[in-house]
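These notes are about the structure you will find just below.
What follows is calculated from the coordinates using simple rules that are stated; it is not laboratory data. Keep in mind that what you see is a predicted model, and the values were worked out from it rather than measured. When we count neighbours, we look across all protein chains shown, and the Cβ atoms used for this are built from the backbone with ideal geometry, even at glycine.
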Amino acid sequence: MTLVIAGLLAILSITGLGVVLTRDPRRQTLAMAANGLVLSALFLALQAPDVAFSEIVIGSAALPLFFFVALSSLRADREHK
Amino acid sequence: MSIFPYLAAAWLFLIGLYGVVTSRDYVYLIGCLTVIQSATYVLLLAVGYKLGAGAPIFADHPPGTPAVDPVVQALVLTDIVVGAAVTALLLSLALQLQKHRGTIDPDELKPTQD
Amino acid sequence: MSRHIRSVAFVVMALILVPFIVAGLSGLPAFGNYPGPYGDIINAIGTPVRHITNMVTGVNYDFRGLDTLGEEFILFASVTGIVMLLRGARGEAKSADALRIEHRRREGRSEAVMGAGRLLAPITLLYGIYVVLHAQITPGGGFQGGVIVFGAVLLAYLGEGYSVWRHVAHSTVLDLTEALGAGIYVIGGLIPMFFGARYLQNILPLGETKTITSGGLIPIINFGVGLAVAAGFLSIALELLEETRATGGDGS
């Protein structure tokens, strides 16, 4: 097992823990984006370029957008009440 | 330590599950679900890996060279895209929950008594 | 049960389960020694039998095409569910117009973000279309290229602002495009049946390796998936963005 893959797996364990330990949803979204970036680097190291394509766009553009927009509607609804 | 990738996948699964169990907010719970999903991706791709092999794309070298397994990659890449759509569906369910019940705290959302 | 009891019970159960997990995982083949024959067979026969060089696309749309049809329809059902939940609550009659909120507090938009969005959107769109079309030659495909096109249209939203962007990402056009993409997949699978073959069997002329028209039925299905994924994700983003303008101002 090469050093690159072992190093990326170790960093992934730490960023995954970071996503779970961040209780505020808005900060958790940024932790999820970092997790997605490390995940796509790991997929590239495991010789899977197609999977890395999908994960980069989804993990750093699509999912943070959905989460931020949903949180903004939730906050507006809470203030309206 | 050749089961290290599988242990990393199991670790991600367990801490994601811990986040789901002790969540105080439904949007936080949906974020922990994405961690659980990424654990399955790591496990699948680690099963199909061959040391010293290249990607299963043969555009610039002949098809005899050693390459990793393409079947698990096909599974994972459709899974990532569809998983994002299902996450968006869960987020819109949380939005509707906020509109109708006024809170998204799982502990306060007991089934209605009427 | 209260949250404290729940978390303690979880930790106890996880500690009991960990030896079983480790025992199960050590039964898997060691990392790096993939033994199974199926992957090696597909790597060996992809180019002579189907004239493609991207084996992952071959598995997705040809060797296991029926499974990808199921995944495609999971995406379709999720998008339908989101649209029904969010647009249904607002009413279908004026779904094509952007909601306007009077006297809404607006922060100014940064000119750097607008400039970057306007510059990068066409380049990313072109790259996304390239990735969709070269599915069977280089890393790419309908799913990957579809989300890259979605990213390009989001960059256009950053560059232009919401009400102008709604004219580009028109909700009726997106609904039709997504249905067209899913329909191309299903009906493209019916084409072999007119010639006496099975559903989704690849009997169209295979073309030369490393050209866009190689692979028979694969480029057609792949294009359908690209359309459906891009339009589906844009519908989701549109409904969620529209939802931020629906709460508050007009009392709904």
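The condition of being β-branched (Val, Ile, Thr) and either within 12 Å of chain A (Cβ to nearest Cβ) or touching a residue at least 60 places away in the same chain (Cβ under 8 Å) (or both) does not hold for C:ILE191.
The number of residues in the range C:47-70 that are farther than 26 Å from A:VAL4 by Cα, buried (at least 21 other Cβ atoms within 10 Å of the Cβ) and either of a type in the set (Val, Ile, Thr) or at the interface with another protein chain (Cβ under 7 Å from one of its Cβ atoms) (or both) comes to 6. In this structure, C:THR209 qualifies as assigned to a loop (DSSP other than H, G, I, E, B) and hydroxyl-bearing (Ser, Thr, Tyr).
How many residues does the range C:117-168 hold that are outside any helix (DSSP H, G or I) and crowded, with 19+ Cβ neighbours inside 10 Å? Even if it seems obvious, please write down each step before you answer.
Going through the range C:117-168, the residues outside any helix (DSSP H, G or I) turn out to be C:134-141, C:161.
In the following step, the residues that additionally are crowded, with 19+ Cβ neighbours inside 10 Å were identified as C:134-137, C:139-141.
Here the count works out to 7.
Checking each residue of the range B:93-100 against the condition of being within 25 Å of the chain's Cα centre (by Cα), within 17 Å of B:VAL20 (Cβ to Cβ) and surrounded by fewer than 18 Cβ atoms within 10 Å (Cβ to Cβ) gives at least one match. Any residue in the range C:20-34 that is touching a Pro at 6+ places or on another chain (Cβ under 8 Å), without any contact (Cβ under 8 Å) to a residue 60 or more places away in the chain, part of a helix (DSSP H, G or I) and within 9 Å of chain B (Cβ to nearest Cβ)? No.
Evaluation of B:THR103 against the conditions (1) over 30 Å from C:ASP62 (Cβ atoms); (2) at the interface with another protein chain (Cβ under 7 Å from one of its Cβ atoms) shows that the sole unmet condition is (2). Scanning the range B:60-75 for residues that are among the charged types (D, E, K, R) and either in contact with a Gly (Cβ under 9 Å, 6 or more places away or on another chain) or within 14 Å of C:ASP67 (Cα to Cα) (or both) yields a single hit, B:ASP69.
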